[in-house]
1. Among what's in the stretch 62-89 and is farther than 21 Å from residue 371 by Cα and part of a loop (DSSP other than H, G, I, E, B), pick the residue that is modelled with the lowest pLDDT.
2. Of all residues in the stretch 257-271, how many are touching a residue at least 24 places away in the same chain (Cβ under 8 Å) and in a helix (DSSP H, G or I)?
3. Restricting to the stretch 274-293, count the residues that are assigned to a loop (DSSP other than H, G, I, E, B) and surrounded by 20 or more Cβ atoms within 10 Å (Cβ to Cβ).
4. Hey, can you tell me all the residues within the stretch 42-62 that are among the polar types (S, T, N, Q) and closer than 14 Å to residue 355 by Cα?
5. Considering only the stretch 213-237, state which residues are touching a Lys or Arg at 6+ places or on another chain (Cβ under 7 Å) and over 15 Å from residue 269 (Cα atoms).
6. Looking only at residues in the stretch 132-150 that are part of a helix (DSSP H, G or I) and without any contact (Cβ under 8 Å) to a residue 40 or more places away in the chain, which one is farthest from the chain's Cα centre (by Cα)?
7. Among the listed residues 199, 161, 129, 157, which satisfies the condition of being assigned to a helix (DSSP H, G or I), more than 26 Å from residue 245 (Cβ to Cβ) and polar (S, T, N, Q)?
Amino acid sequence: MFSLFATPLGWIMKGCYWLINNYGLALLLFTFLTRLLMLPLSIKQQKSTARMALIQPELEKIKKKYGKNQEKLNEETMALYQKHGVNPMASCLPMLISMLILFSMIPVIYGPMTYVSNVDKDSVTKSNNTISMVAAVSQEIKNNDTTMAKLLEENGNSFDNVKKVIVKDEKAYKNTYKLFGYEDDDDSDEKSEKDKLWNDLTAIFEKHPDIDTFITNGEYISQNLVVSRPELATFDFVDTTKANAQYADILPSDVRDFAENFKYEFFGLSLGAIPTFTSWLAIIPILSFVLQLVVTIISNYFNKKNNPAQNMGMGVKIMLFVLPLFSLWIAFEYPAGLGLYWIYSSFFALIQTIFLNLIFTPAKIRASVEAEMEKNKERRKNGKKSFMERAIEMQQEQNGQKPKPKSYVEDDDDDSDTDDNTDSNKKLSKQELKDQQRKKLNEARKRMAEKYGDEYTEE
């Protein structure tokens, strides 16, 4: 699913890169643009949050009054939401979109050549397969405490003889056995394909006899990317500062040319590498954690300021650290580019949080709510229904109730409830009260029987 959204994000990222010609700065522009596109949703979220704060006292009254009647509690709560123009789900949408963009950015950051470059995709696939194959074979040979040069020397400088060695022992050379080994009864197409793959490998080793020691050396090639994310390892192959460029000729020329000219960095730090505590890249996860924590604290500060009556439970306090810790984890697990994107996103979120809370104060929201309530009254007079009104009617129909008149949701001070009217109950005799309760119980049983298709017998 995320790959589906990665394609349009890749188009935006491509435009940002070709405008700035630096991936780290292009990420900054990309983040700004996506935040700008989401601003209307964020404004709507801020208004909804402020409105929720305004109706909090009324919500508490409803909870106290109907706390033991969940159905009535839900009905009254939805009526209150509709009356004040509150959509309880409005605050979730911007967060969901933010997370969708974040995880859709992972393939874009993993695959700059796939999503940002104009390189032929077949060339990119061929390059990735070549790097993965050489890395897998080289690592297998290293695990057996030898090198390709030693294997050739021990087997008469014959690659065919070496092949017999590294595919005959399925336990010692498990990966090479899967790549090049086949049984006698294998079909000819598979045999031909594996033979071609072996010939491609031997051509590489004939050109670079020591490429296995190079590609398994962590000083030259990022070991956590070379097999799992070979597209990012491409930039290690063309890194002239480490004398790696001599091995770059095993890659397709268009891939090599792009990688040589593509600035996949930020202040000299490769954005394709995964941060570790021993590298300078560790600053990215740490900054990501700190900024996300600041955003969370500032957001909670404004929530408390705008809604003093709100009680900050233990669950909320725990959530205060969940997102920052999540950002720390994800920045250490994925290439530095993703952590840098999270830093940018948190930075803009901080500015946006402060700005929106200063603009949409409780007083302004209260005035806006009153104005919209007047508009809603006019709209209801014309027969138009809001989302919350339709939701209330659907709930009432599901419960076997007739939709309540419009005046029901417009009456501010009507706290009466025929079910709970103790004054009227006092006028009834004990027998009448007993009959009334039995009647209500039978009606409830009948509704439940109709709902679940059971037979109903009145007691």
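The values are calculated or read from the model by the stated rules, or taken from the named source; none is laboratory data. On a predicted model such as this, the values are computed, not experimentally measured, just so you know. Cβ sites come from the backbone with ideal geometry, for glycine too, and all protein chains shown count toward neighbours.
1. 89
2. Final tally of qualifying residues: 2.
3. 2
4. Within the stretch 42-62, 42, 45, 46 qualify.
5. 216
6. Only one residue fits best here, namely 150.
7. That would be 161, the only listed residue that is assigned to a helix (DSSP H, G or I), more than 26 Å from residue 245 (Cβ to Cβ) and polar (S, T, N, Q).
Each row is one residue, and each column tells you yes or no for (1) out of contact with any strand residue (DSSP E or B) (no Cβ under 6 Å at 6 or more places or on another chain); (2) over 30 Å from residue 300 (Cβ atoms); (3) without any contact (Cβ under 8 Å) to a residue 40 or more places away in the chain; (4) acidic (Asp, Glu).
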{"residue": "28", "(1), (2), (3), (4)": "yes, no, no, no"}
{"residue": "36", "(1), (2), (3), (4)": "yes, no, yes, no"}
{"residue": "39", "(1), (2), (3), (4)": "yes, no, no, no"}
{"residue": "58", "(1), (2), (3), (4)": "yes, no, yes, yes"}
